[in-house]
């Protein structure tokens, strides 16, 4: 699926991601009407925000249909987590299925039907001349690969369905978790909260706040990176050795899965220094190379290589 990811990268450019500004504005407006005497459930708000942003990024003009898909995926995730560690007798599923398994199958089919319906609609619009292309959003980029002139590079409809599901599940959980930890850290370390606020409200940064130059907000980038280091959204990364491989002093046989813990790398004092357990965004002031002592692969909040989590493409 590397081809699909490469083709999809343009839909994560800041020009295409301006739609997220509307989502943030909507959340802040909602907060403005909130009673001052009552607390705001930040975790819930960030989950709503990320689902809104992902729906707009993934499906653009089909935004409302995207929201419906997200709701189905949320239900499916709950059912999967609920039954993940249950022991199943071999062959039992052929003669008996639990209510959760039956419900999961129904949701899976509804998900596929909804995504396929959007795919067909876009294909019909291009065929009839109602649209010039499949769109610049995530679904549109996948459709371009689906219709690639080179048959070997094409992806199937099932691949499109799977990519949309992964995009939602991975992108939503990682983003909402990251936002939550950033707020917690800034509420504790108020000096960095003030630094970030001053930079954001600086007259020269007003344009950046609307999306055009947000990547140039260095202090915010430092804070985000430090939050990712301390509370990586990805708990472990799994890779399989397709051939006999040597990793340092270890020899890994072919077809063996290797599990990597980002946290073990992120909390290594030999790489980050003796203050490794302390929230200190200043360590990223001179870039990632300086922060990791030249060992860039030591920072793995979203993995590495072509299979890294989609969210990294947005940052």
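The values are calculated or read from the model by the stated rules, or taken from the named source; none is laboratory data. All values derive from a computational prediction rather than experimental measurement. Heads up, the Cβs are rebuilt from the backbone with ideal geometry, glycines too, and the neighbour counts pull from every protein chain shown.
Is it the case that the range 140-162 has a residue that's at pLDDT 85 or above, buried (at least 16 other Cβ atoms within 10 Å of the Cβ) and closer than 24 Å to residue 46 by Cβ?
Checked the range 140-162: no residue is at pLDDT 85 or above, buried (at least 16 other Cβ atoms within 10 Å of the Cβ) and closer than 24 Å to residue 46 by Cβ.
With the requirement that a residue be free of Cβ contacts under 8 Å to residues at least 60 places away in the same chain and either closer than 11 Å to residue 280 by Cα or out of contact with any strand residue (DSSP E or B) (no Cβ under 7 Å at 6 or more places or on another chain) (or both), what does the range 219-243 give you?
Selection gives 220, 223, 226, 227, 230, 231, 235, 242, 243.
How many residues are over 25 Å from the mean Cα position of the chain (by Cα) and surrounded by fewer than 13 Cβ atoms within 10 Å (Cβ to Cβ) if we restrict to the range 258-276?
Matching residues across the range 258-276 total 4.
Being surrounded by fewer than 20 Cβ atoms within 10 Å (Cβ to Cβ) and either touching a residue at least 24 places away in the same chain (Cβ under 8 Å) or more than 19 Å from residue 112 (Cβ to Cβ) (or both) is the filter here; which residues of the range 50-69 pass it?
60, 61, 63, 65, 68
If the Cβ limit is 7 Å and pairs must be 6+ apart or interchain, which residue in the range 148-168 that is without any contact (Cβ under 8 Å) to a residue 24 or more places away in the chain pairs with which residue that is surrounded by 10 or more Cβ atoms within 10 Å (Cβ to Cβ) and part of a helix (DSSP H, G or I)?
What qualifies is 154/145; 154/146.
Check off (1) in contact with a helix residue (DSSP H, G or I) (Cβ under 6 Å, 6 or more places away or on another chain); (2) surrounded by 15 or more Cβ atoms within 10 Å (Cβ to Cβ); (3) assigned to a helix (DSSP H, G or I) for residue 165 and give me the number that stays unchecked.
Only one criterion in (1) in contact with a helix residue (DSSP H, G or I) (Cβ under 6 Å, 6 or more places away or on another chain); (2) surrounded by 15 or more Cβ atoms within 10 Å (Cβ to Cβ); (3) assigned to a helix (DSSP H, G or I) is unmet by residue 165, namely (1).
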